[in-house]
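Notes for the one structure printed next.
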Amino acid sequence: MRLLRAELRKLNRPLLYGVAFAATLFCVLLAVGAASNTASDVAGAGRVPSSCAELRMPEGSACEATKVSGRARAALDRERELRTAKRTAAHLGPAAGGAEAAGLMASLPGVLAIALLAGGHVGGEWSGRTLKTVLTHCGRRERVLAAKLVSLWLAGAGLIAACWAALAVAGPILVRAYDLPSPHVSVAGELRHSAGQFGRALAVIAVFAVIGLLAAVVTRGSIGTMAATAGIFITVLALAGLPGTGRWTPATWVQEWMGFAAGLGSITRLPDNFWSRFIPATGSPPGPSAGLIGLAATFVAGALLAVALFRRSDVSQ
């Protein structure tokens with residue numbers, strides 16, 4: 001515990017605050033964009049040409065029939081946009097913000113945040129030539145790696161909490177500012193969903209952290225750790241699109257475990273993640289249990305490999 005407290009004190013520096021600020025700002029800007037786009041779509045829905053000149057049709061029964069059908073379509077469009085606006089307003093609620101924050105941090109924004117933190121917190125020990133001093137005070141390398149891993153994981157959990165707090169404050173303000181319709185949802189239900197997604201995201205963040213730890217042990221530098229961590233996950237995302245390997249990559253396991261919908265979806269609304277998974281249409285999804293097992297196997301394999309490489313690494317320089 002003393003070693004873990006020391007690692008947490010090391011994290012208490014501008015790098016962590018800068019990453020946390022960037023993450024929360026990103027979450028809030030997504031919410032602003034979603035509220036603005038939704039309000040614009042609702043305002044624009046339901047408008048029909050009021051004259052035959054606008055329809056570029058001559059006066060007569062054909063023009064009047066077109067106006068009637070146009071009004072019917074416009075009414076349906078407006079009703080659809082209002083339903084979408086209610087869903088957006090529900091996602092901007094304080095209780096629902098946790099699911100939004102968890103989904104974002106369990107996808108590419110979380111990968112980039114953990115890569116930055118791993119580069120400074122773990123890879124920086126090599127770049128700053130301070131690892132030898134750390135091992136002098138604690139000679140057991142496994143304990144050092146474990147403290148690094150847990151502190152990095154706790155930092156990732158803190159990022160989710162920070163984004164949730166920011167959305168809980170900004171969401172209701174945006175709903176009122178853009179005059180979005182009241183969603184009339186169960187706060188208790190939204191809170192349970194957010195708590196569940198938060199817990200699921202913690203498992204994903206642990207995998208991100210162990211990959212960052214492994215990248216630091218291999219590259220032995222800040223820049224190399226950041227680049228390798230981000231590169232690994234971009235690679236597995238690319239592999240997820242291949243018909244033969246899509247079901248057996250960490251990208252798919254994250255997708256299944258978190259319950260992310262397949263495909264990229266629309267970015268004009270409030271996305272619950274920035275993760276993509278393309279399972280072939282002929283195959284069936286692995287399911288959440290298989291996703292958890294795959295993530296657990298990835299975590300164990302990454303941790304064992306990091307320990308094995310760290311035991312053989314030369315830290316005398």
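The values are calculated or read from the model by the stated rules, or taken from the named source; none is laboratory data. Because the structure is predicted, anything quoted here is derived from the model rather than measured. Virtual Cβ from ideal backbone geometry, glycine too; neighbours counted across all protein chains shown.
Yes/no per residue for (1) surrounded by fewer than 16 Cβ atoms within 10 Å (Cβ to Cβ); (2) of a type outside the set (Lys, Arg); (3) part of a helix (DSSP H, G or I); (4) modelled with pLDDT of 75 or more:
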position: GLU7; (1), (2), (3), (4): no, yes, yes, yes
position: ALA22; (1), (2), (3), (4): yes, yes, yes, yes
position: PHE26; (1), (2), (3), (4): no, yes, yes, yes
position: ALA31; (1), (2), (3), (4): no, yes, yes, yes
position: SER36; (1), (2), (3), (4): yes, yes, yes, yes
position: SER40; (1), (2), (3), (4): yes, yes, yes, yes
position: ALA43; (1), (2), (3), (4): yes, yes, yes, no
Among the residues of the stretch 147-160, is any without any contact (Cβ under 8 Å) to a residue 40 or more places away in the chain and touching a helix residue (DSSP H, G or I) at 6+ places or on another chain (Cβ under 9 Å)?
no
Can you list the helices (runs of 4 or more DSSP H) lying wholly within the stretch 127-232 that have 2 or more residues being surrounded by 17 or more Cβ atoms within 10 Å (Cβ to Cβ) and modelled with pLDDT of 90 or more?
141-177, 187-219
Test VAL175 against the stated conditions and say whether it is under 30 Å from VAL42 (Cα atoms), touching a Leu at 6+ places or on another chain (Cβ under 6 Å) and not hydroxyl-bearing (Ser, Thr, Tyr).
yes
For the stretch 82-131, how many residues are free of Cβ contacts under 8 Å to residues at least 60 places away in the same chain and within 29 Å of GLU190 (Cβ to Cβ)?
1
Which of (1) touching a His at 6+ places or on another chain (Cβ under 8 Å); (2) surrounded by 24 or more Cβ atoms within 10 Å (Cβ to Cβ); (3) within 25 Å of THR219 (Cβ to Cβ) is the odd one out, the single condition ALA99 does not satisfy?
(3)
Consider THR235 carefully, then state whether it is β-branched (Val, Ile, Thr), part of a helix (DSSP H, G or I) and buried (at least 22 other Cβ atoms within 10 Å of the Cβ).
no
Of all residues in the stretch 211-239, how many are out of contact with any Ser or Thr (no Cβ under 8 Å at 6 or more places or on another chain) and within 15 Å of TRP153 (Cβ to Cβ)?
3
On the basis of being surrounded by fewer than 16 Cβ atoms within 10 Å (Cβ to Cβ), under 18 Å from the mean Cα position of the chain (by Cα) and at pLDDT below 80, does ALA240 make the cut?
no
Residue under question is LEU145, and the condition is that it be out of contact with any Ser or Thr (no Cβ under 7 Å at 6 or more places or on another chain) and either within 30 Å of LEU82 (Cα to Cα) or of a type in the set (Ser, Thr, Tyr) (or both); does it hold?
no
